[in-house]
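Here's the structure, in structure tokens; my notes come after.
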Amino acid sequence: MANASTMAPADSTERMTAIKGFWNEQARKHGTDLAATTPDPIAKDLEIGALKRHLDPALDTLEIGCGNGTDILRLLDHLRSRRVVGIDYAEDMIEAAKKSMSELSLADRSRVAVDVGDIMKDLTPLGRFSQIFTVRCLINLPTLDHQLQAVRNIDAILKPGGRLVLVESTKQGQERLNAMREAVGLEPISYHWHNLYLDQDAFLAGLPRHLKVVAIDSFASLYFVISRVFNAKMTPPGRAPDYLAEINTIAGQLPSIGDNAPLKLFVIQKEGRA
């Protein structure tokens, strides 16, 4: 299940343009399907479950990097506020998202909106939100400085006392997972060319002081160990491991333990009163 690396532009601006182009191509290829944003449906189920545990159903909510709208659609039964907004810089992703949203009930259409928006630009025209979340968004920025600037841009529209929930991948988790793979004779999983996994220590140290990390949920640890180590090792040579293999399905039903996956959730609280 190793990911093939592709040479990416060295210049940050060119890299960001290439990454945006990649996601637009994914949208054109897969439309409203889950495959537009991830090949692993069980990992997506775990992401949604973790978000439901940590997102307050009553708060007005913004998803930055909403892709084709999959997360918002799957969270609408949990998010009951009158304002749920999603933005993404990939225009073709938003086109797919709007197609999906058009099939919602009239009541849900009245409280949900998706539009083109870029986390690296001024977000204040969107207004302010009590709750903002991302799912594998920051890892599509080319440097740590860009990732931290993105958080500052989010901070500008997060209300005092507001909640920021980040579902992102870390290089430390990837390294621990790869150490397990190497221990059983598997090749390490390489990074996708368009991703820069968070350096967790440097990223958290660089957050503004008034943004406090109140929880870290390693919700995918057990699943990644079983799917990327056990299932990968049991797969016959020359075949790609099946994301929907029975052992993966079982792993997705078990409570997670440890901190051995790149994918995790950070809950960050902004100081002040709402």
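The values are calculated or read from the model by the stated rules, or taken from the named source; none is laboratory data. A quick note: this is a predicted structure, and the numbers were derived from the prediction, not measured. Virtual Cβ from ideal backbone geometry, glycine too; neighbours counted across all protein chains shown.
Which of the residues spanning segment 135-147 are in a loop (DSSP other than H, G, I, E, B) and out of contact with any strand residue (DSSP E or B) (no Cβ under 7 Å at 6 or more places or on another chain)? Lay out the reasoning, then the answer.
Residues of segment 135-147 that are in a loop (DSSP other than H, G, I, E, B), as a first pass: 136-137, 141-143.
Listed by number, the residues that qualify are 141, 142, 143.
Is segment 110-132 home to any residue that is modelled with pLDDT of 95 or more, of a type in the set (S, T, N, Q) and in contact with a Phe, Trp or Tyr (Cβ under 9 Å, 6 or more places away or on another chain)? Give the derivation first.
Pass one, segment 110-132, residues modelled with pLDDT of 95 or more: 110-132.
Now drop any that are not of a type in the set (S, T, N, Q), which leaves 110, 124, 130-131.
Now narrow it down to the ones that are in contact with a Phe, Trp or Tyr (Cβ under 9 Å, 6 or more places away or on another chain): none.
Taking every residue of segment 110-132 in turn, none turns out to be modelled with pLDDT of 95 or more, of a type in the set (S, T, N, Q) and in contact with a Phe, Trp or Tyr (Cβ under 9 Å, 6 or more places away or on another chain).
Here is a list: 243, 223, 197. Which entry is farther than 30 Å from residue 12 by Cα, touching a Gly at 6+ places or on another chain (Cβ under 9 Å) and among the hydroxyl-bearing types (Ser, Thr, Tyr)? Talk me through it step by step, then tell me what you get.
On the way: 243 fails: touching a Gly at 6+ places or on another chain (Cβ under 9 Å); 197 fails: farther than 30 Å from residue 12 by Cα.
Just a single option satisfies the conditions, and that option is 223.
Which condition does residue 213 not pass, out of (1) hydrophobic (A, V, I, L, M, F, W, C); (2) in contact with a helix residue (DSSP H, G or I) (Cβ under 8 Å, 6 or more places away or on another chain); (3) crowded, with 16+ Cβ neighbours inside 10 Å, if it passes all the others?
With respect to (1) hydrophobic (A, V, I, L, M, F, W, C); (2) in contact with a helix residue (DSSP H, G or I) (Cβ under 8 Å, 6 or more places away or on another chain); (3) crowded, with 16+ Cβ neighbours inside 10 Å, residue 213 is out only on (3).
Name the residue that is modelled with the highest pLDDT, counting only residues in segment 5-36 that are part of a loop (DSSP other than H, G, I, E, B) and in contact with a Ser or Thr (Cβ under 7 Å, 6 or more places away or on another chain).
Keep residues of segment 5-36 that are part of a loop (DSSP other than H, G, I, E, B), which gives 5-11, 31-33.
Now drop any that are not in contact with a Ser or Thr (Cβ under 7 Å, 6 or more places away or on another chain), which leaves 5, 32.
On the way: 5: 45, 32: 98.
So the residue we want is 32.
Looking at residue 204, is it under 19 Å from the mean Cα position of the chain (by Cα), surrounded by 18 or more Cβ atoms within 10 Å (Cβ to Cβ) and within 22 Å of residue 260 (Cα to Cα)?
On the way: under 19 Å from the mean Cα position of the chain (by Cα): yes; surrounded by 18 or more Cβ atoms within 10 Å (Cβ to Cβ): no; within 22 Å of residue 260 (Cα to Cα): yes.
When the stated conditions are applied, residue 204 does not pass them.
Can you find even one residue in segment 34-42 that is under 15 Å from residue 140 (Cα atoms) and surrounded by fewer than 20 Cβ atoms within 10 Å (Cβ to Cβ)?
First, pick out the residues of segment 34-42 that are under 15 Å from residue 140 (Cα atoms): 36-38.
Then keep just the ones that are surrounded by fewer than 20 Cβ atoms within 10 Å (Cβ to Cβ); that gives 38.
Yes, segment 34-42 contains a residue that is under 15 Å from residue 140 (Cα atoms) and surrounded by fewer than 20 Cβ atoms within 10 Å (Cβ to Cβ).
Can you tell me which condition residue 41 does not meet? The list is (1) in contact (Cβ under 8 Å) with a residue 12 or more places away in the chain; (2) more than 29 Å from residue 76 (Cα to Cα); (3) not small (Gly, Ala, Ser), and all the others hold.
Among (1) in contact (Cβ under 8 Å) with a residue 12 or more places away in the chain; (2) more than 29 Å from residue 76 (Cα to Cα); (3) not small (Gly, Ala, Ser), the lone unmet condition for residue 41 is (2).
Tell me, which helices (runs of 4 or more DSSP H) lie completely within segment 68-134 with 2 or more residues that are over 14 Å from residue 51 (Cβ atoms) and in contact (Cβ under 8 Å) with a residue 24 or more places away in the chain? Before you say what the answer is, go through the steps one by one.
Working: elements: 70-75, 91-101, 106-109.
Result: 91-101.
Can you find a residue in segment 82-91 that is touching a strand residue (DSSP E or B) at 6+ places or on another chain (Cβ under 8 Å), of a type in the set (Ser, Thr, Tyr), buried (at least 18 other Cβ atoms within 10 Å of the Cβ) and closer than 30 Å to residue 226 by Cβ?
Looking through segment 82-91, none of the residues is touching a strand residue (DSSP E or B) at 6+ places or on another chain (Cβ under 8 Å), of a type in the set (Ser, Thr, Tyr), buried (at least 18 other Cβ atoms within 10 Å of the Cβ) and closer than 30 Å to residue 226 by Cβ.
Would you mention how many residues in segment 156-180 are touching a Pro at 6+ places or on another chain (Cβ under 6 Å) and in contact (Cβ under 8 Å) with a residue 24 or more places away in the chain?
Within segment 156-180, the subset touching a Pro at 6+ places or on another chain (Cβ under 6 Å) is 169-170, 173-174, 178.
Going one step further and asking which of them are in contact (Cβ under 8 Å) with a residue 24 or more places away in the chain, we end up with 169-170, 173-174.
Count: 4.
Can you name the condition, by its number, that residue 53 falls short on among (1) touching a Phe, Trp or Tyr at 6+ places or on another chain (Cβ under 9 Å); (2) part of a loop (DSSP other than H, G, I, E, B); (3) of a type outside the set (Asp, Glu)?
(2)
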